[in-house]
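Data block below; observations after.
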Amino acid sequence: MADQTSNAMWGGRFAGGPDAIMEAINASIGFDRRLAAQDIAGSRAHAAMLAAQGILTDKDADAIREGLLTVLSEIEEGKFEFSTALEDIHMNVEARLIELIGDAGRRLHTGRSRNDQVATDFRLWVRDQCDAAMEGLAALQRALLDQAEAGADWVMPGFTHLQSAQPVTWGHHMMAYVEMFARDHSRLRDARARMNECPLGAAALAGTSFPIDREMTAAELGFDRPSANSLDAVSDRDFALEFLSAASITAMHLSRLAEELVIWSSAQFRFVALSDRFSTGSSIMPQKKNPDAAELLRAKIGRIFGAQVALLTVMKGLPLAYSKDMQEDKEQVFDAADTLMLSLAAMTGMVGDMSANRESLRAAAGSGFSTATDLADWLVREANLPFRDAHHATGALVALAERKGCDLPDLSLAEMQEINSAISDGVFDVLGVDKSVASRTSYGGTAPENVRAQIARWRSHLG
């Protein structure tokens with residue numbers, strides 16, 4: 001590629017060219033080269049439209065199309081020489097195109113600006129990331145469904161405040177995350193639909209006097225429509241913020257599951273065993289098997305949160321339309337997208353490989369007086385006690401069991417009747433953890449039949 005340092009393509013207004021510091025702060029090619037495929041796709045669509053409108057000759061349009069394909073091939077094969085002096089991916093591609101095809105390449109920029117060009121490229125890239133993240137979420141959901149199906153009727157403790165609350169099933173717990181990640185999927189889908197408007201043709205900020213066909217370029221690039229206001233089109237970064245917002249909520253859900261895997265895989269819980277692929281040992285303690293992938297995932301989430309705050313901070317004080325501040329819109333989005341996809345892949349791998357310890361889950365399910373609510377419900381149904389009275393009586397029975405150092409099913413009928421004479425031996429039918437979970441048949445409840453029905457529904461939905 002010819003030396004462009006003394007002939008900066010941003011115009012003859014600055015004869016001397018930028019010094020090293022200005023070049024360093026102004027250039028974005030170090031990171032926006034990731035937009036190369038989107039930039040070339042946008043330029044090809046623009047050239048085709050210019051030819052269809054008679055603004056370019058067919059000969060020039062053909063040369064541009066072939067030249068852009070050559071540039072794309074060079075980039076994909078690692079042969080392209082990127083120049084910091086040319087600032088960004090747009091100028092790098094255009095300069096190389098002109099080298100390849102001459103004056104026809106100089107006609108490509110007719111009817112557009114770098115402002116609408118970058119807005120289009122960035123939307124295309126973020127749209128692709130939405131699609132990738134949705135695919136990643138679906139894969140994770142399938143891994144969770146496999147776990148849920150294997151343990152649809154395995155009892156385990158359900159927690160509030162990380163204290164044993166009521167028995168649930170392993171399948172029910174896994175399905176809770178299926179629902180969480182389904183909401184994440186829907187947020188990304190909604191964001192993608194909103195961002196699917198094409199800025200190309202808005203030019204610098206006011207549109208163009210050339211008779212362009214924005215509907216054509218929008219359709220060619222897979223957009224639903226062209227953006228309706230040229231000022232908004234070049235200055236909007238809501239699409240990136242929405243992606244980061246959806247990514248942040250997804251990341252938060254991933255971190256919650258990672259936290260549970262860290263706790264569950266500890267020697268104190270032994271609820272799950274993570275595979276060696278997602279664990280490491282200690283340099284000094286040979287017995288250790290550390291859940292490092294889950295811990296790293298839990299930490300990496302902060303990068304996604306930080307990206308959202310960073311872009312909000314960039315955008316919060318900008319007047320319409322474009323300001324150079326907006327060049328700082330990409331690096332954090334690129335990093336957040338990379339982090340999200342790595343985190344989704346790591347979690348899918350961990351969930352797919354982990355083994356739930358059915359015996360440990362069951363042993364813990366009955367601890368901490370987890371069937372106390374079943375006892376209170378029984379007193380309401382069978383003894384006709386108001387719930388508050390039943391709650392009080394159950395609390396007294398829990399206190400008695402604590403003093404005796406036993407669990408509720410271990411109390412004798414006589415001991416229970418000392419607390420409330422209405423209690424009969426039928427109460428023991430509800431104090432087992434299996435009967436407890438089987439009784440929770442209300443929609444959304446933990447009963448195994450409910451869990452299996454939800455698994456079937458999600459299998460059908462995800463395909």
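General observations
Results for (1) within 26 Å of S279 (Cβ to Cβ); (2) out of contact with any Phe, Trp or Tyr (no Cβ under 8 Å at 6 or more places or on another chain); (3) not in a helix (DSSP H, G or I), shown as yes or no for each residue.
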| site | (1), (2), (3) |
| --- | --- |
| L296 | yes, yes, no |
| G302 | yes, yes, no |
| L318 | no, yes, yes |
| D325 | no, yes, no |
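- Within the option set D434, D407, being in contact (Cβ under 8 Å) with a residue 24 or more places away in the chain and touching a strand residue (DSSP E or B) at 6+ places or on another chain (Cβ under 9 Å) holds for one residue only, D434.
- Search result, residues across segment 287-313 that are under 26 Å from V234 (Cβ atoms) and without any contact (Cβ under 8 Å) to a residue 24 or more places away in the chain: V309, A310, T313
- Search result, residues across segment 178-191 that are over 13 Å from the mean Cα position of the chain (by Cα) and buried (at least 18 other Cβ atoms within 10 Å of the Cβ): V178
- Set side by side, the residues A310, A321, A336, A390 differ, and just one is over 30 Å from R270 (Cβ atoms), buried (at least 21 other Cβ atoms within 10 Å of the Cβ) and not assigned by the TED database to the domain that holds I419, which is A336.
- The residues on offer are H90, H161, and the sole one that is over 20 Å from D335 (Cα atoms), out of contact with any His (no Cβ under 7 Å at 6 or more places or on another chain) and free of Cβ contacts under 8 Å to residues at least 12 places away in the same chain is H161.
- Of residues in segment 412-439 being over 10 Å from L397 (Cβ atoms) and not in a helix (DSSP H, G or I), the one most open to solvent (accessible area, probe 1.4 Å): S421
- Scanning segment 359-387 for residues that are surrounded by fewer than 16 Cβ atoms within 10 Å (Cβ to Cβ) and among the basic types (K, R) yields a single hit, R381.
- The residue of segment 440-463 that is most open to solvent (accessible area, probe 1.4 Å), among those that are in a loop (DSSP other than H, G, I, E, B) and not aliphatic (A, V, I, L, M), is Y443.
Yes or no, residue by residue, for (1) among the charged types (D, E, K, R); (2) on the phi > 0 side of the Ramachandran plot:
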{"residue": "S367", "(1), (2)": "no, no"}
{"residue": "A372", "(1), (2)": "no, no"}
{"residue": "A376", "(1), (2)": "no, no"}
{"residue": "N384", "(1), (2)": "no, yes"}
{"residue": "R388", "(1), (2)": "yes, no"}
{"residue": "H392", "(1), (2)": "no, no"}
{"residue": "A396", "(1), (2)": "no, no"}
{"residue": "E402", "(1), (2)": "yes, no"}
{"residue": "P409", "(1), (2)": "no, no"}
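- Yes/no for D146 being over 23 Å from E449 (Cβ atoms), in a helix (DSSP H, G or I) and of a type outside the set (V, I, T): no
- Of all residues in segment 269-295 being modelled with pLDDT of 90 or more and more than 26 Å from the chain's Cα centre (by Cα), the one that is farthest from P157 (Cα to Cα): R270
- Residues that are small (G, A, S) and part of a strand (DSSP E or B) are absent from segment 118-135 altogether.
- Residues of segment 58-111 classified as polar (S, T, N, Q), open to solvent by less than 40 Å² (accessible area, probe 1.4 Å) and either more than 33 Å from the chain's Cα centre (by Cα) or not assigned by the TED database to the domain that holds F31 (or both), total: 2
The values are calculated or read from the model by the stated rules, or taken from the named source; none is laboratory data. Every value quoted in this text rests on a predicted model; they were computed, and no experiment measured them. Reconstructed Cβ throughout: ideal geometry from the backbone, glycine too, with neighbour counts over all protein chains shown. These accessible areas exclude ligands, DNA and RNA; they are computed on the full protein's heavy atoms, side chains included. Shrake-Rupley method; radii C 1.70, N 1.55, O 1.52, S 1.80 Å.
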